[in-house]
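Asks: I have a structure here, written as structure tokens, and I will follow up with some questions on it.
Each value in this text was obtained by applying a stated rule to the coordinates, not by laboratory testing. Here the structure is a predicted model, which is why all the values come from computation and not from measurement. Cβ atoms come from the backbone with ideal geometry, glycine included; neighbour counts cover every protein chain shown.
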Amino acid sequence: MFYTARTGFVFLRLMPDSLSFGALMNLSEKNSRHSLRLFQIEFQSGYTRNITETFAAGCISNSAVLRKSERSERVNILHLKYAVEVAKTKSISKAAENLYMGQPNLSRAIKELEESLGIVIFERNTKGITVTPDGEEFLQYARRIIRQVDEIEELYKNVRTKKQRFSACVPRASYISYAFAEFAKHIDPASPCDIFYKETNSMRTIDNVAKEEYNLGIVRYQSVYEPYFERKFAEKGLVSRMLAEFSYVLLVSEKSPLAKQNNVSTENLAPFIEISHADPYVPSLPLIDARKAELSEFVDKHVFVFERGSQFRLLENVPNTFMWVSPIPEDLLEKYHLVQIPAENPRKHKDVLVFREDYKLTPLDNCFIEQVVSAKRQFLDEK
């Protein structure tokens, strides 16, 4: 398969087990080979192989044409972006709106893309758009290609003003939030950068990282579900590194009847109201069953809240509430007048770092990871 970048032509062949691609830059085959070697890419038999770093050559000419004896198709880079946006929105009309183009033009472009590839990417039905198995495979490559082209353009746009980018999806955890604040102190104010930080549940984190919407993820799960998540990481092509393992503590108001107890049994929580995240996710379970698995066995009163600040405000102002959390930094406890108490809770949890197999950690990534590990030692290892 071949596609045309907006900076010129980049020619790709998608092999069954790898992404192989080459570039011709209005040069002879000899000079093209020389240019490709600069990027540690070996040029053989009309396509590239043995890619250690998936780069396309930067000086690509609009007039470059790859002549091969076999028939080839050219796919415009914009077509790839169109397909990715349709998959993201699950709607032709919404995607067209986001892309600032007419719906008929987008529909025609998607049809041309499918015809040129000889596959069906999207199934259209009364419920909207669904991605076919062929489409899922294609979109994995499309997202990777778009990211690589963007990186090339950014790399050579202006070395002096090169913008750094950091993105992470994490659980709603105070020690990680603390680590992120410490990480932000290390950002060079003189260097342009874009920072994206999102708190969400584990399955959305996996999906965001696998789709290359975010580069790093921290996935939290109960230890009993570890085999499931390890399979999920492998299936999505993600590398995982264990960051922390811990038991939850009980978080209550200083005014709570539980506040002065040294240890609380789960049976004693029955009269109280449990505050919980509004989007728990336990694999292979319907949402209602997932919530049951995450919630206290003896409690029948629950308030589900997405936003962490609102959770803390509820705990502070409603003394008969409680919440299961990873250990909280002392300054947050003081700010919201809260107390954390050890309790009988057999459920162990893990926080695991994930990123794509083909992704190379940046200095900003490593700085963030260092801060998370440091915060973990400070707030979790002491508990």
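Asks: Please arrange SER310, SER253 by counting, for each residue, the other beta carbons lying within 10 Å of its beta carbon, fewest first.
Replies: With the fewest neighbours first, SER310, SER253 line up as SER310, SER253.
Asks: Take peptides 134-141, 78-85 and line them up by average Cβ neighbours within 10 Å, highest first, as a rough protection proxy.
Replies: 78-85, 134-141
Asks: Take MET323, MET242, MET203 and order them by how many other Cβ atoms sit within 10 Å, fewest up front.
Replies: Final ranking by Cβ density, sparse to dense: MET242, MET203, MET323.
Asks: Taking the beta-carbon count within 10 Å as an exposure proxy, list ARG172, ARG313 from fewest neighbours to most.
Replies: ARG313, ARG172
Asks: Tell me, what ³J(HN,Hα) does each residue in region 348-353 have, in order and in whole Hz, if you take phi through Karplus 6.51 cos²θ - 1.76 cosθ + 1.60 with θ = phi - 60° and put x for Gly and Pro?
Replies: Along region 348-353, the couplings run 8, 10, 10, 10, 10, 7 Hz.
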